[in-house]
Protein chains: 2
Amino acid sequence: MKKILTLFSFTFLLFSCQQTAEKQTVSNTLSTEEKIDSSQIKTIFNSALTEGKSYEWLRDLTQNVGGRLSGSPEAQKAVEWGEKVMKEVGLDSVWLQPVMVPHWVRGEKEVATYTTNGQQKNVAICALGFSVATPKEGVLAEVIEVKSLEEAKALGTKMKGKIVFFNRPFDNTLIHTFKAYGGCVDQRVRGAAVCGEFGAKGVIVRSMTNSIDDFPHTGTMSYGDLPKEKHIPAAAISSLAAENLSKDLKVNPNLKFYFKQSCETLPDAPSFNVVGEIRGTENPENIFVVGGHLDSWDLGEGAHDDGTGVVQSLEVAYLFKQNNIKPKNTIRVVFFMNEENGTRGAKKYAELAKLNKENHIGGLESDAGGHTPRGFSIDANTANTTLLQSWKKLLSPYGLHDIEKGGSGADISPLRAENVTLVGYRPDSQRYFDYHHTSRDTFDKVNKRELELGSASMASIIYLMDKYLYNDTPVKP
Amino acid sequence: MKKILTLFSFTFLLFSCQQTAEKQTVSNTLSTEEKIDSSQIKTIFNSALTEGKSYEWLRDLTQNVGGRLSGSPEAQKAVEWGEKVMKEVGLDSVWLQPVMVPHWVRGEKEVATYTTNGQQKNVAICALGFSVATPKEGVLAEVIEVKSLEEAKALGTKMKGKIVFFNRPFDNTLIHTFKAYGGCVDQRVRGAAVCGEFGAKGVIVRSMTNSIDDFPHTGTMSYGDLPKEKHIPAAAISSLAAENLSKDLKVNPNLKFYFKQSCETLPDAPSFNVVGEIRGTENPENIFVVGGHLDSWDLGEGAHDDGTGVVQSLEVAYLFKQNNIKPKNTIRVVFFMNEENGTRGAKKYAELAKLNKENHIGGLESDAGGHTPRGFSIDANTANTTLLQSWKKLLSPYGLHDIEKGGSGADISPLRAENVTLVGYRPDSQRYFDYHHTSRDTFDKVNKRELELGSASMASIIYLMDKYLYNDTPVKP
């Protein structure tokens, strides 16, 4: 027994010494003001992790509202939900900004299949947003596989009457998966415009993901300048289906692919941005906007894209109120409508800001998923970028090491100007494209702590921005 | 259409500018040697992310072998699996190290229930490893809730005939969840020893997790010096059941809790560490050990704990071979047996190393899950710690920012000595205790890229350690 005790004590002691030491900003390297900031940030994190609301808000939005594509009844329900939760948080004012949005509907569940070597294979497929339908009987045609828009263009009229299959995969050696996405998404967005021009019957595009699985990823596309009669149906097939089809085409280049979809673009529909604010105590006319987008694709529940950004943005205001942080400037929370297919909400917000001569000092957007915090991407002038980077020592104890120059986000970018500091929240990106725009983007994929750490990260940088940033020149702490 | 095109182009452009710039080590800040290292590390990562084997190995281990508690037939199957995959990788030699291990079996599925306000509640419960069984008819007794071992001790003989309920939750304000675990696990490990002394009938312990859910977490416990007749049954109940029981006890302090378990400790069983190595080209007698543990708890599939560590350790060797990296020193991969309840494999390995006068320069252990990389924890002398920290600029492009002094791991710690540099791989910890020691620790919780990034992180630091570390004094690059 003694011996066993020793073994256990040993294991147990190792458990303790195995822990990574809880890193806290070493106080003696901080100035007096930085110590105050460090302590305030700790309070914000403690609050998010023990009394945060974001997870339950997200449950409600994803499970009771669900997927909420612009113009849909669910999107309207989401607007009502947004107004309700903003009021519950007790913001100083909450209002709706009317905006007309595109209204595309998927129609019946899409079907795709082909036969090779006497074997019929059903293909996981979904129409791309804004695609036209196939004819009622579907499209049946031979397939030409290409890896790029350039390769497709080079085919010219050879593609006439064929289905063009865009199959350039993500570059998995890129550590940041958004970069791999950026390197592939032209196929999805512009494939149909390129191939419609030359009389292809349709395009199918490999899903935008790092993984090989059987979930098709939808997303927006555009016909560009193409006259209506040249619009051809466009759909995404799962990465697994793309791999299989590519193999089968090598064996049987003349196989015929069939797909059918009944999507259509209806007239624009009325909708809203949902806006609420905490008025600033000193300079209420100066505004920091914090937001995510309320709309989502229809296939899943819009959890990581962008339910998490929505609830985190509201939680910034909640954490300010809960911890009695009174911002000098106005903190405005915006749930943007229609980021996915049109960014009409973002344009409307910027248009009204200009019209009303609002003075935006900065903005923060969360639209890269709800995973564990990694940092922020800064779109600002050099002085303000340097200032924000100087906060690394305050933020790194929370895993926020990556504070780099870069873009902010689609919804706040229209506010871009020399003295406006725009920031994108950057959580870990490794799992994001497992879920993005698919039926898998559901509440259960979001981890409560990761979500809350994100809210606290965002509240912390807004606290610092409110304290130290001005629209004219940055002031060093 | 033009207008719509503009909107889409806009959104699309934003996608691109929204990307976080791919960070690569800025080559002009690196010395010539560091540039070579940076390039080698990039090759390692590219290889792991495009031709890695770890994910398929993990699928095989978790789904075809499954949970593999020491002494079980599954643990033996895991040993055979380990030997097979090591040989497949083509290591220079592969062998088994015999070791006797504890052999505890869970028996029938545990049952727990209580009645309050006329309502019967079933409780999610599991026996703790090494606990004795309840009597055949189970244990039925009143409950005393405590928050600590000290509070329990202070009860003294008041606990006689009662069930003591340890209910101190994780401190969720701690950013690193292992620290919260370290702050609670004494209840699980020592609760029964403390309460057996005073004649309690049993102990139930709140599960070790950050989350409130209905999955009980098993784990090891010890009766310490307590004579056998004072051993009382110990079990974990889910955190949700703990919350509910605590509330119900406030209303009805005399409610009686019932539980039944039939676990038992059998005589020690023969088992093995699985060992394989790539022999060093210059100093084959100098050894770096890289490992994880092959055994797991029985409730799940042992995926994050520690299937991921096992496959990542082997992938270090695979990546060396695949990229023709010939280590100067011997790189030895070890799948340790019995980390969970005894660390007999670790002790045996260290004992044999001493007996055979092996010269270990360092070690690396992965036993903190397979989530996205965050860094390494270093247990080494000051000079070597400083040396390893100087590699941050080479490793931070891969998210490896946290390179801190701390413990390494339970399996390599017996090798601890002044000039031996021990390192623990530290992935993100936020999700770990959602799965740890539960039925939820299954293959589907592991993300392929996160797993592979871990393998590459480990291979990179081993590459640097092999190149720059000596057992006597560190040599600066």
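Per-residue ellipticity at 222 nm for chain A, helices alone: DSSP H runs ≥ 4 residues times -39500 (n - 2.57), over residue total, nearest 500 deg cm²/dmol? Don't skip to the answer; put the middle values down first.
Details: 14 runs with 163 residues, N = 477.
It comes out at -10500 deg cm²/dmol, rounded to the nearest 500.
Could you work out what % of the accessible surface of the protein assembly as shown is carbon and sulfur, using a 1.4 angstrom probe and leaving DNA, RNA and ligands out of the count? Could you put the intermediate results ahead of the total?
Details: 17610 of 33480 Å².
Carbon and sulfur: 53 percent of the exposed surface of the protein assembly as shown.
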> Between B:Thr386, B:Gly409, B:Gly362, whose Cα lies farthest towards the positive end of the dipole of the stretch B:356-477 when Lys and Arg beta carbons carry +1 and Asp and Glu beta carbons carry -1, centred on the Cα centre?
Replying inline: B:Thr386
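Just how large is the dipole of the stretch B:107-262 about the Cα centre, in debye to the nearest 20, putting +1 at every Lys and Arg Cβ and -1 at every Asp and Glu Cβ? Walk me through the numbers on the way to the answer.
Numbers: 20 positive and 16 negative charges, 54 e Å.
Dipole of the stretch B:107-262, to the nearest 20 debye: 260 debye.
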>> Past the 40 angstrom mark, what percentage of all C-alpha to C-alpha distances in chain B do you count?
In response: 27
> Taking amide hydrogens as modeled 1.01 Å from N in the peptide plane, which residues meet the under 5 Å criterion relative to B:Arg374, leaving out close sequence neighbours?
Replying inline: B:Arg426, B:Asp428
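Take peptide A:401-410, look around each residue's Cβ out to 10 angstrom, count Cβ atoms belonging to other protein chains, and average those counts.
Details: counts 7, 7, 0, 3, 2, 6, 9, 3, 3, 8.
Shielding by partners across A:401-410 averages 5.
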> Residue-wise, which Karplus ³J(HN,Hα) couplings in Hz belong to the stretch B:109-123, taking 6.51 cos²θ - 1.76 cosθ + 1.60, θ = phi - 60°, and x for glycine or proline?
Replying inline: 4, 5, 10, 8, 6, 8, 10, 9, 6, x, 10, 8, 10, 8, 10
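Of the listed pairs B:Lys162/B:Lys228; A:Lys392/A:Lys467; B:Lys158/B:Lys247; A:Lys136/A:Lys158, which have alpha-carbon separations greater than 27 Å here?
Beyond 27 Å between Cα atoms: no listed pair.
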> Residues with amide H under 5 Å of A:Lys405's amide H, sequence separation 5 or more or different chain, H placed in the peptide plane at 1.01 Å from N; which?
Replying inline: A:Ile378
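Considering only DSSP beta bridges where both residues belong to the protein assembly as shown, give the percentage that are antiparallel (nearest 5).
Details: 76 of 146 bridges.
Antiparallel: roughly 50 percent of the beta bridges in the protein assembly as shown.
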>> Give me, ordered by chain and number, the residues 5 or more places off A:Val290 or on other chains with an amide H under 5 Å from its own placed amide H.
In response: A:Arg332, A:Val333, A:Val334, A:Leu364
> Rounded to the nearest 5, what % of the DSSP beta bridges within the stretch A:219-376 are antiparallel ones?
Replying inline: 25
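What average count of beta carbons from other chains do you get within 10 Å of the Cβ of residues in B:94-101? Write out the running numbers ahead of the final one.
On the way: counts 0, 0, 0, 0, 0, 0, 0, 0.
If you average over the peptide's residues, the count of other-chain Cβ atoms is 0.
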> Got a sec to turn the phi values of the stretch B:311-320 into Karplus ³J(HN,Hα) couplings, 6.51 cos²θ - 1.76 cosθ + 1.60 with θ = phi - 60°, whole Hz, x for Gly and Pro?
Replying inline: 6, 5, 4, 5, 5, 4, 5, 4, 5, 4
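What whole-number value in cubic angstrom gives the convex hull volume per residue for the C-alpha atoms of the protein assembly as shown? Mind showing how you got there, number by number?
On the way: hull volume 174.8 nm³, N = 954.
Cα convex hull per residue, to the nearest whole number: 183 Å³.
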>> Using a label point 7 Å beyond Cα on the Cα-Cβ vector, give me the inter-copy distances for B:Lys136 in nanometres, one decimal, shortest first.
In response: 7.4
>> Quick check for you: which residues of the stretch B:80-104 have the amide N under 12 Å from the point 7 Å beyond the Cα of B:Arg279 toward its beta carbon?
In response: B:92-94
> Between chains A and B, what is the buried accessible area summed over both chains (1.4 Å probe, protein heavy atoms, nearest 100 Å²)?
Replying inline: 7300
>> How shielded is B:169-182 by partner chains, expressed as the average number of their Cβ atoms within 10 Å of its Cβ atoms?
In response: 5
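For a test of understanding, tell me how many lysine pairs in the stretch A:38-128 have Cα atoms under 27 Å apart, given they are 8 or more places apart or on different chains. It would help to have the intermediate numbers written out before the result.
On the way: A:Lys42/A:Lys53; A:Lys42/A:Lys87; A:Lys53/A:Lys77; A:Lys53/A:Lys84; A:Lys53/A:Lys87; A:Lys77/A:Lys87; A:Lys77/A:Lys109; A:Lys109/A:Lys121.
Taking the stretch A:38-128 as the scope, the lysine pair count is 8.
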>> Modelling each spin label as a point 7 Å along the Cα-to-Cβ direction, I'd like the B:Lys247/A:Ile212 distance in nm, to one decimal.
In response: 4.8
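Based on the alpha-carbon gyration tensor of the stretch B:291-422, what equivalent-ellipsoid semi-axes (square roots of 5 times the eigenvalues) come out, in whole Å, largest first? Working shown, then result.
Working: eigenvalues 100, 77, 49 Å².
Semi-axis lengths for the stretch B:291-422 are 22, 20, 16 Å.
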>> Taking the Cα centre as origin and putting +1 on Lys and Arg beta-carbons and -1 on Asp and Glu beta-carbons, what dipole magnitude results for chain A, to the nearest 20 debye?
In response: 880
>> Just to check I understand the Karplus step: with θ = phi - 60° and J = 6.51 cos²θ - 1.76 cosθ + 1.60, what whole-Hz values come out for the stretch B:211-227, glycine and proline as x?
In response: 9, 9, 8, 10, 10, x, 9, 7, x, 7, 9, 8, 8, x, 7, 4, x
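For chain B, what is the percent of antiparallel DSSP beta bridges, rounded to the nearest 5?
That works out to approximately 50 percent antiparallel.
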>> Placing unit charges on C-beta atoms (Lys and Arg positive, Asp and Glu negative, everything else neutral), compute the dipole magnitude of the protein assembly as shown about its Cα centre in debye, rounded to 20.
In response: 20
>> Which three extents, in angstrom, do the Cα atoms of the stretch B:38-142 have along their principal axes, listed largest first?
In response: 68, 34, 24
>> Taking the 0 to 90 degree range and rounding to the nearest ten, how far is the long axis of helix A:2-18 tilted relative to the main principal axis of chain A, both from C-alpha atoms?
In response: 90
> In degrees between 0 and 90, to the nearest 10, how far off the longest principal axis of chain A does helix A:185-197 point, with axes built from Cα atoms?
Replying inline: 30
> Could you give the distance between the Cα centres of the stretch B:64-79 and the stretch B:171-223, to the whole Å?
Replying inline: 25
> In degrees, nearest 10, range 0 to 90: what is the angle between the Cα axis of helix B:448-468 and the longest Cα principal axis of chain B?
Replying inline: 60
>> Can you compute log10 of I(q)/I(0) for the stretch B:107-262 with the Debye formula, treating each Cα as one identical point scatterer, at q = 0.19, 0.21 Å⁻¹?
In response: -1.16, -1.43
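Just the number please: accessible area per residue for chain A, 1.4 Å probe, all protein chains included, in Å². Spell out each step's value before the answer.
Numbers: 16760 Å² over 477 residues.
In whole numbers, chain A has 35 Å² accessible per residue.
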>> Quick check: convex hull over the Cα atoms of the stretch B:231-302, volume per residue in Å³, rounded to an integer?
In response: 205
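The values are calculated or read from the model by the stated rules, or taken from the named source; none is laboratory data. Note that the structure is a prediction, hence the values are computed from the model and not measured. Ideal geometry is used to build each Cβ from the backbone, glycine not excepted, and the neighbour counts take in all protein chains shown. Ligands, DNA and RNA are excluded from the accessible area calculation, which covers all protein heavy atoms including side chains. Shrake-Rupley method; radii C 1.70, N 1.55, O 1.52, S 1.80 Å.
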